[in-house]
Amino acid sequence: MLLDRIGVGGMGEVWRAHDQLTGQTVAIKILRPPIAAAPAAEMRFQREIRAMARLHHPRVVPIIDAGSDPEVGLFFVMELQAGRPLHEVASLWRDWRMIWPIVDQILETLAHAHSHSVIHRDIKPDNILVDGNGEAVLLDFGVARLKDRARSGTSAYDLLGTVDYAAPEQATGNRRRIGPWTDLYCFGIVLYELVCGRVPFWASSPVQSLIMRLDQGCPPLDPRPGFRSPVGLWGVLDKMLRPEPFDRFRNAAEARAAFQALNDAPLEQLTPEIDGLSTGPQDIQ
């Protein structure tokens, strides 16, 4: 029995529901009624079910059941996950060492997904849930690609994902260049936003923002007020955000090792401002 709607995406709606058989409160995702009749939408929804069914990981919400109902159409049932979206908790983190556990968890989760030929393609703050214990869960595989399937339910030039976080190969719509490095690019944009309080490629229109990504690497870091970032962070983010896919980290394990090395680096901190001017960053231990 559906109780209340708790989320709406491009294709689906997520509802809190009561499982009358077990007595538990669960989450159920259904195709949004306006697009439920479209064959491509149904294929993508079924692909999301297959992608999640492949992954058995503590940071991917497990599927309990799936099927079709005359009243709600295609659906799948998941455990109800407690937590807050990443962007809601990020403002509480004042330096990189507070962010690092979440970074490590998501990269480890992506490594698991990629090892099972699942490319998420929509890494963004709304799709990362953080619970009260600081554990992150990766959500919404609605536009995931299964690399070992010849047909994915999309044309070769569909742009799937979220524009602000899309990699250049998503911007050009060429799925043949999409791989683990695509998810790492998207996650690099998320990390830049956590540090600086804004996405790295900001323009007056989505099209201009996408064009910037085609020929620009990571902009200089401008951390949000009071945030301390480690020496060397820009270099790692720049490798994640290079326009050419094969210039980036090849897999999540490589990125994870690079970020882990930053834990031994000193943190940068701006000196107090004097007469409205800052003397610039200094290293602190």
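Here are a few things to note about the model shown:
- Using the Cβ-Cβ distance between Arg176 and Asp131 with R0 set to 35 Å, the FRET efficiency works out to roughly 0.40.
- Simple spin-label estimate for Arg50 and Ala82 in nanometres, 7 Å along Cα-Cβ: 3.6 nm
- From most to least packed by mean Cβ count within 10 Å, the peptides 63-70, 102-109 give 102-109, 63-70.
- With Rh defined as the Kirkwood radius, the inverse of the mean 1/r over Cα pairs, the Rg/Rh of region 198-264 is 1.00.
- Accessible surface of region 32-86 [probe 1.4 Å, protein heavy atoms]: carbon and sulfur percent: 56 percent
- For the pair Leu2 and Val163 in one chain, pulling the backbone fully straight at 0.36 nm per residue adds 54.8 nm over the alpha carbon distance.
- For the peptides 202-209, 25-32, the ranking by packing is 25-32, 202-209, with the highest mean count of neighbouring Cβ atoms within 10 Å listed first.
- Estimated [θ] at 222 nm from DSSP helical runs (n ≥ 4, -39500 (n - 2.57)) normalised by residues in the chain, nearest 500: -9500 deg cm²/dmol
- Here the calculated FRET efficiency for Leu21 and His57, from their Cβ-Cβ distance with R0 = 35 Å, stands at 0.85, rounded to the nearest 0.05.
- Whole-number D in µm²/s for the chain (Stokes-Einstein; Kirkwood sum over Cα pairs; 4 °C, 1.567 mPa s): 65 µm²/s
- Unit Cα scatterers, Debye sum, region 1-153: log10 I(q)/I(0) for q = 0.21 Å⁻¹: -1.43
- Cα-projected label distance for Arg224 with Ala38, points at 7 Å along beta-carbon direction, nm: 3.3 nm
- Interchain or long-range residues, amide H under 5 Å from Arg228's placed H: Asp95, Trp96
- As a calculated quantity, the FRET efficiency between Glu71 and Ser205 at R0 = 25 Å, using C-beta atoms, amounts to about 0.05.
- In the context of the full set of protein chains, the chain has a per residue accessible area of 48 Å² (1.4 Å probe).
The values are calculated or read from the model by the stated rules, or taken from the named source; none is laboratory data. Given the structure is predicted, the values throughout are model-derived calculations rather than measurements. When we count neighbours, we look across all protein chains shown, and the Cβ atoms used for this are built from the backbone with ideal geometry, even at glycine. Heavy atoms of the whole protein, side chains included, go into the accessibility calculation; ligands, DNA and RNA do not. Shrake-Rupley method; radii C 1.70, N 1.55, O 1.52, S 1.80 Å.
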